[in-house]
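See below for the structure under consideration.
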Amino acid sequence: MPFFAYKGRNARGELMQGVLEGADSGAVADQLFGTGVTPIEISLTTRKSAGGADDSLWQRLTRKRVTSLDVQLFSRQIYTLLKSGVPIMRGLAGLQESATNKSFARVLQDLRESLDAGRELSAAMRRHPECFNAFYLAMVRVGEMTGRLEEVFLRLFDHIEFDRDMRARVKTALRYPSFVIIAMIVAMAVVNIWVIPQFQNMFKTLHAELPFMTRMLIGTSEFTKSQWPWFATLALAAFVGFRKWTATVNGRLRWDRTKLRLPIAGKIVHKATMARFARSFALSIRSGVPIVQALSVVAQTSDNAYLSMRIEQMREGVERGESILRTATNADVFTPVVLQMIGVGEESGSLDDLMDEIAMMYEREVDYELKTLSSQIEPILIVFLGVMVLVLALGIFLPIWDVGAAALRH
């Protein structure tokens, strides 16, 4: 069907414009009247979405991205509107008008146009994978099928809030050690490039044999100054190569598996990912999604490829008729306590409640690990700093002490 650009006024007299798909201008006018918009002008157009083709290159480059917070607030607002009995088309129109993020306002406008064209809400959202992930789409689809769309949106709001809070706490905990490590690297570069050469000039005037530690520091400094272009090129090549390697299926799988084995951060990543899995799985089951489909959707939304593969193996086991407890045991990613809770939940028919308990347990463990992260990393940083200061002190001050001692003897 052709597309028509329209201009109209809503009930408050505000100007509304966009693009709708329809058999003819009359059908588009009927769609507008149905959403409370009085059309002023309707004309045939070749654009498939409003506001995107006419934007300048600068506007497209500087356009604010849609964040998870935008989707979270949308979920809560659309739940409130649907629960109050507001038709979804009118609700989307109101949310579009009040949206502070213009990019998300465009998404809402496209959702309205897609619904006007006869698409389902989940199908309309599927056109925007940058905003709505596979789990979100699956849950909306279940809400449409069961007639509990407003309830699904409320649960999605809670789910996104939990996910954002978990990620924010991990980033906050890693901020301090990351800053210290970067500061140490910068300090080592400054010492090698500017500080040691100044002492080297002074040591040359002593005409004495320098200690091994001093010679090592001078050699390292000269090598760094002469070979820094190669260092920079090698670092850039390593970074680009690593990004390309992790972009492959096998590379990402190996890297995500390695992340889980890191000494301190690995257990935090593992527990945080499993907390999100348990929360998502519980939400899917409680919303009426079949277990096999729920495992498949949750596996797709996992941000760790290795754990996602393990969850997929659980799904395949359930498809073969195995129990969830057996497949979870074979996955080898759950602790014995969690496996026991899964078994109890499966036997009692309250797996969703038990998965919520598992999510809360993992969340408490992650919270404890994050609170003690600084105390775990600080000894390592202190030892490293101590070794670096000791090497610098011995390398720089030993020749000065030797000269001073020789001068006192004479």
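Determine if segment 249-259 includes at least one residue that is over 30 Å from GLU363 (Cβ atoms), of a type in the set (Phe, Trp, Tyr), out of contact with any strand residue (DSSP E or B) (no Cβ under 6 Å at 6 or more places or on another chain) and outside the structural domain of VAL140 (by TED's automatic domain parsing). No: zero hits. Restricting attention to segment 187-232, the residues that are among the hydroxyl-bearing types (Ser, Thr, Tyr), free of Cβ contacts under 8 Å to residues at least 60 places away in the same chain and either surrounded by 11 or more Cβ atoms within 10 Å (Cβ to Cβ) or under 22 Å from LEU385 (Cα atoms) (or both) total 3.
Using the structure shown, decide if LEU295 is part of a helix (DSSP H, G or I), of a type in the set (A, V, I, L, M) and under 25 Å from the mean Cα position of the chain (by Cα).
On the way: part of a helix (DSSP H, G or I): yes; of a type in the set (A, V, I, L, M): yes; under 25 Å from the mean Cα position of the chain (by Cα): yes.
So LEU295 fits the description; yes.
Is there a residue being part of a helix (DSSP H, G or I) and in contact with a Phe, Trp or Tyr (Cβ under 7 Å, 6 or more places away or on another chain) anywhere in segment 225-239? Working first, answer last.
As a first pass, look at segment 225-239 and keep what is part of a helix (DSSP H, G or I): 225-239.
Add one more test, that the residue is in contact with a Phe, Trp or Tyr (Cβ under 7 Å, 6 or more places away or on another chain), and what stays is none.
Scanning segment 225-239 turns up no residue that is part of a helix (DSSP H, G or I) and in contact with a Phe, Trp or Tyr (Cβ under 7 Å, 6 or more places away or on another chain).
For segment 121-153, the tally of residues that are surrounded by fewer than 18 Cβ atoms within 10 Å (Cβ to Cβ), touching a residue at least 60 places away in the same chain (Cβ under 8 Å), under 16 Å from LYS83 (Cβ atoms) and not acidic (Asp, Glu) stands at 2. If the condition is being surrounded by fewer than 24 Cβ atoms within 10 Å (Cβ to Cβ) and over 17 Å from ALA328 (Cα atoms), then segment 278-289 contributes ARG286, SER287, GLY288, VAL289. Could you grab the pairs with beta carbons closer than 9 Å, sequence gap of 6+ or different chains, first residue in segment 364-381 and more than 19 Å from ALA278 (Cα to Cα), second one in a helix (DSSP H, G or I) and of a type in the set (Lys, Arg)? Every condition considered, the pairs that remain are LEU370/ARG169.
Among residues of segment 348-394 being touching a Lys or Arg at 6+ places or on another chain (Cβ under 9 Å) and of a type in the set (D, E, K, R), the one that is surrounded by the most Cβ atoms within 10 Å (Cβ to Cβ) is GLU363. With a requirement of 2 or more residues that are over 31 Å from the mean Cα position of the chain (by Cα) and assigned by TED's automatic domain parsing to the domain that holds VAL269, the helices (runs of 4 or more DSSP H) lying completely within segment 308-407 that satisfy it span 336-348. Output yes when any residue across segment 74-94 is modelled with pLDDT under 85 and in contact with a helix residue (DSSP H, G or I) (Cβ under 8 Å, 6 or more places away or on another chain), and no when none is. No; the residues of segment 74-94 include none that is modelled with pLDDT under 85 and in contact with a helix residue (DSSP H, G or I) (Cβ under 8 Å, 6 or more places away or on another chain).
Taking ARG257, is it over 29 Å from GLY349 (Cβ atoms), modelled with pLDDT of 90 or more and surrounded by 12 or more Cβ atoms within 10 Å (Cβ to Cβ)? Against the criterion (over 29 Å from GLY349 (Cβ atoms), modelled with pLDDT of 90 or more and surrounded by 12 or more Cβ atoms within 10 Å (Cβ to Cβ)), ARG257 qualifies.
The values are calculated or read from the model by the stated rules, or taken from the named source; none is laboratory data. The model shown is predicted, which means the values in this text are computed figures rather than measured ones. Using ideal geometry, Cβ is built from the backbone for each residue, glycine included, and neighbour counts are taken over all protein chains shown.
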